[in-house]
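Trainee: Take this structure first; my questions come after.
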Amino acid sequence: MYAEKELLDEIRELLGDRELYELYERTFREYRYYFETTNYIVLNVYGFNDHGPVHVLLTTRRALELLNIVKRFGMETTAEKLGKPLRWSKFIVAFGALFHDIGNMIHRINHYEFSVFLAEPIIERLVGEFEDRDPLLLKSLTLNAIYTHDEAVPCTTIEGSLVTIADGCDMEAGRSRLAYKRDKVDIHAVSALAIERVEIREGDEEQPILIEIWMKHPAGIFQVDEILTKKVRSSLLRGMVRLRIHAGEEVLEKVI
């Protein structure tokens with residue numbers, strides 16, 4: 001459904017920063033075996049679905065889409081509030097999304113903690129290449145975005161909130177974040193296969209983020225409530241996200 005080359009092309013356009021994109025692409029290729037190993041363990045040991053290269057690229061693309069939307073509505077990112085340029089936020093979002101799930105290589109429970117542990121030396125090196133002023137601050141904010149991507153951890157930055165919501169949008173058929181037994185037909189399985197498409201759009205002044213979801217079965221609502229809604233509520237953007245759900249002939253809207 002998603003091709004790596006197309007996702008990388010979209011990430012390049014969304015970043016609008018050649019130096020940062022080249023660093024991102026090189027890092028993705030250099031650490032691709034991290035994402036592949038993570039995916040192998042998630043698929044074959046935990047029995048979950050895709051947490052590999054496509055997932056991290058798709059999460060990056062969606063997090064950058066969200067970043068561009070909130071900026072169009074004049075929202076300051078956390079880095080900007082701390083007096084740093086927008087390209088810091090792009091760095092935090094891009095590399096926070098890229099490495100958010102690698103902790104699954106160690107264990108699914110508290111995987112976000114293990115992701116920070118594994119990513120720390122990598123982020124240290126990347127920050128050194130990208131920024132020579134306040135490198136520890138940039139590193140801390142990036143690791144924060146990795147740590148808070150799970151709904152169990154309240155977000156404390158805008159950048160981390162964007163990564164969290166982007167991760168929750170990966171719900172399309174066969175890509176559900178929600179665990180289910182492949183050989184068992186229940187609400188988890190039906191819901192995980194019900195969602196056909198998820199798109200992030202620009203909303204309005206009250207809810208600048210609009211997430212449109214198309215599903216072929218109303219059971220997909222379970223997936224939305226259990227994953228995306230919880231992630232939005234753990235973010236700093238609660239109340240700023242409108243969901244528009246297309247379920248057959250019916251269109252449902254709600255603010256979360």
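Trainee: If you count the DSSP beta bridges with both ends in the chain, what percent of them are antiparallel, to the nearest 5?
Mentor: 65 percent
Trainee: On average, how much accessible surface per residue is there in the chain, in Å², for a 1.4 Å probe, leaving out ligands, DNA and RNA?
Mentor: With the other protein chains kept in place, the chain gives 43 Å² per residue.
Trainee: As a test question: what accessible area, to the nearest 10 Å², does Arg26 have when a 1.4 Å probe is rolled over all protein chains in place?
Mentor: Its heavy atoms expose roughly 110 Å² to the probe.
Trainee: If you filter region 69-173 for trypsin sites (Lys or Arg not before Pro), then keep DSSP loop positions with at most 13 other Cβ within 10 Å, what is left?
Mentor: Those satisfying the criteria are Arg133.
Trainee: May I ask you to order 113-124, 157-168 by the average number of other C-beta atoms within 10 Å around their residues, highest value first?
Mentor: 157-168, 113-124
Trainee: So if each residue of separation counts as 0.36 nm, and I subtract the Cα-Cα distance between Lys71 and His107, what length gain in nm does that give?
Mentor: Stretched fully, the Lys71-His107 segment lengthens by 9.4 nm.
Trainee: Extension gain Thr37-Glu250, at 0.36 nm per residue separation less the Cα-Cα distance, in nm?
Mentor: Answer, rounded to one decimal: 72.6 nm.
Trainee: Quick one: compute the contact order of the chain, relative version, from alpha carbon pairs under 8 angstrom and 6+ residues apart, as a percent.
Mentor: Here the relative contact order equals 16 percent.
Trainee: Where does the chain land at 222 nm, in deg cm²/dmol rounded to the nearest 500, when only DSSP H runs of n ≥ 4 count, each adding -39500 (n - 2.57), divided by all residues?
Mentor: Computed ellipticity for the chain at 222 nm equals -15500 deg cm²/dmol.
Trainee: I've got another one for you. Applying 1/(1 + (r/R0)^6) with R0 = 25 Å to the Cβ-Cβ distance of Leu86 and Arg26, what FRET efficiency is obtained, to the nearest 0.05?
Mentor: 0.70
Trainee: Give the value in nm², to one decimal: projected area of the alpha carbon convex hull of the chain, averaged over all directions.
Mentor: Approximately 12.6 nm², given one-decimal rounding.
Trainee: Ser140 accessible area, nearest 10 Å², 1.4 Å probe?
Mentor: The accessible area of Ser140 comes to roughly 60 Å².
Trainee: Measure off 7 Å from each Cα along the Cα-to-Cβ vector at Asp17 and Lys216, then give the distance between these two points in nanometres to one decimal.
Mentor: 4.0 nm
Trainee: Could I ask something else about it? Can you send over the carbon and sulfur percentage of the accessible area for the chain, probe radius 1.4 Å, protein chains only?
Mentor: Answer for the chain is 52 percent, counting heavy atoms of protein chains only.
Trainee: Right, here's the next one. So what are the ³J(HN,Hα) numbers for region 204-211, from phi and the Karplus equation (6.51, -1.76, 1.60; θ = phi - 60°), rounded to whole Hz, Gly and Pro as x?
Mentor: Using θ = phi - 60°, the values come out as 10, 4, 6, 10, x, 9, 10, 10 Hz.
Trainee: How about region 14-104: which chymotrypsin sites (Phe, Trp or Tyr not before Pro) there are in a DSSP loop, with at most 16 other Cβ atoms within 10 Å of their Cβ?
Mentor: Phe73
The values are calculated or read from the model by the stated rules, or taken from the named source; none is laboratory data. What you are looking at is a predicted structure, and each value in this text was computed from that prediction instead of being measured. Ideal geometry is used to build each Cβ from the backbone, glycine not excepted, and the neighbour counts take in all protein chains shown. For the accessible areas, the whole protein counts, side chains as well, though only heavy atoms, and no ligand, DNA or RNA atoms are used. Shrake-Rupley method; radii C 1.70, N 1.55, O 1.52, S 1.80 Å.
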